[in-house]
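Derivation of every value follows stated rules applied to the coordinates shown; laboratory data play no part. Being a predicted model, the structure only gives us computed values, none of them experimental. All Cβ positions, even for glycine, are placed from backbone atoms using ideal geometry, and neighbour counts span all protein chains on display.
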Amino acid sequence: MKRWHLVLGLGIAIGALGMYVAVRSGAVAQERVAVAFTPQERATLTSLESALVRVAETVQPTVVHIRVAHPRGERDRREFEFPGGRIVIPPNIEERMPRVFGQGSGVIIRSDGYIVTNDHVVGNAKEVEVTFHDGTKAKGEVLRAPSADIALIKVNRTNLPAATLGDSSTVKPGQLVFAIGSPFGLENTITMGIVSAIGRRETIAGSDRVRFYPDLIQTDAAINSGNSGGPLVNSRGEVIGINTAIVSNMWTGGNVGIGFAIPINRVKSVVKQLIEKGAYRRGYLGVEPSDIPADMREELKGAQGVLIRSVEEGTPAARAGLEPGDVVTEVDGTPVRNENHFRELIADKGPNAKVRLKVLRNGQTLTLEATLGTHPEDAPEAPERRAELPAEKHALERLGVEVGEIPTTLNRELGNVQGVYVRRVRADSPLAGELNEGDIIVEVNRTPVRTITELEQALGKIASGRPVQLQIIRREQDRTFRRLIMFRMP
């Protein structure tokens, strides 16, 4: 409270000083005049202002404030280490310690009590409290889709004001947008900006995991901590995205004009599965797709689609006969526009779906059939499998890196070096774009690693958030380089 009193007192003091200056400068103040708008200009501005107010009045009642209580877990032990000593908390005091509370925003999408927010807002919370626009509160049950960073909250309410969901495929840079939510706990806050860009690909580390977002809307509408889960709205009052992340100054954590939202079309697909099936499972093909390089488009005579760069053995793609170098132009008769569109088409089909793929290979058109699997990150047994891994193998899994022994031929070319060969770097890895398939890891934090076991042990000793330096050997066009890669352990 003292901090607010100080700010209020400072405001009063500044206000008084302003009044004093105004009195002393009365002659100058009298010379100020309003802008001489023409009647048409004034009418245009009044009409625009009225329209913006109506957008706010229409959408704000559909936006909620979410408060979550995270239970005390392993991190809340009774003994705490710090440089120079240790604190021991008696059990009777620990039991009275408050739980950790978080907050965010959400938007009502159905009048019968369905609310969308970000998964990172709710996390593993046991309690979710929703505050509505009218100030009333309700407890909510949570359905999660962690890989999509979307969560659905169900409250026992009816006749709620539901937002209108738009079509994010029509969003274009330059369009007016509004971000609505509870930044820093300030409920019912609305800010305005434009769509700065579309199709942003970002890998963002959260408190519980690193997530890959293949297709984000970028906006300069002010988004801050607490806005996550709230709607990004167009000038017609339609929700076109769910506000998710910002680029921020590491010291202040505030807005710098770069925010990101998950497109609402992706959200619709995830929510449909959560409501109908109670869980979100993506279809899985087992390929690494990419947009068609410019130098291949002429050869393909302008055909649209995706280039298959790699095929994982034992996956639906391999069983269907897909090969690296194939170009997939259609999925079940739907033309493939680009990589993001292809990923969405496959994911939305869901596990066990049968799909027909139209493929260009060596100038010929083929039709292949595949039965999709379940994405490894969405498989129900995935958490149990991960829990059984030794601690050091968790590190490689968190990094999204698969390794193996150096191929004999390559090692002979390099002069029999000692290190660990990189077989694959997942697209959602924090090292994507830095570490490449075919690289050889030879040092971790200046310590040589000669075997897979040594690499696993070295990474396993590094705590989450700590800096890591990898020295690698890279072979490019018959030239060999040593390269340093720096990152923080997720």
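Some observations on this one:
- Across LYS172/LYS354; LYS301/LYS354; LYS277/LYS354; LYS272/LYS354; LYS139/LYS277, pairs whose alpha-carbon gap is larger than 27 Å: LYS172/LYS354; LYS301/LYS354
- Distribution of pairwise C-alpha distances over segment 211-317, 10 Å bins, in %: 12, 27, 28, 26, 7, 0
- As a rough footprinting exposure proxy, the listed residues SER182, SER147 were ranked by other beta carbons within 10 Å of their own, and the order from fewest upward is SER147, SER182.
- Neighbour counts of C-beta atoms inside 10 Å place THR367, THR451 in the sequence THR367, THR451, starting with the fewest.
- Of every Cα-Cα pair in segment 411-487, the percent that sits beyond 17 Å: 44
- Volume per residue that the Cα convex hull of segment 331-490 spans, once the total is divided by residue count, Å³: 161
- Using the average count of surrounding beta-carbon atoms within 10 Å as a protection proxy, the listed peptides 357-365, 338-346 rank, highest first, as 338-346, 357-365.
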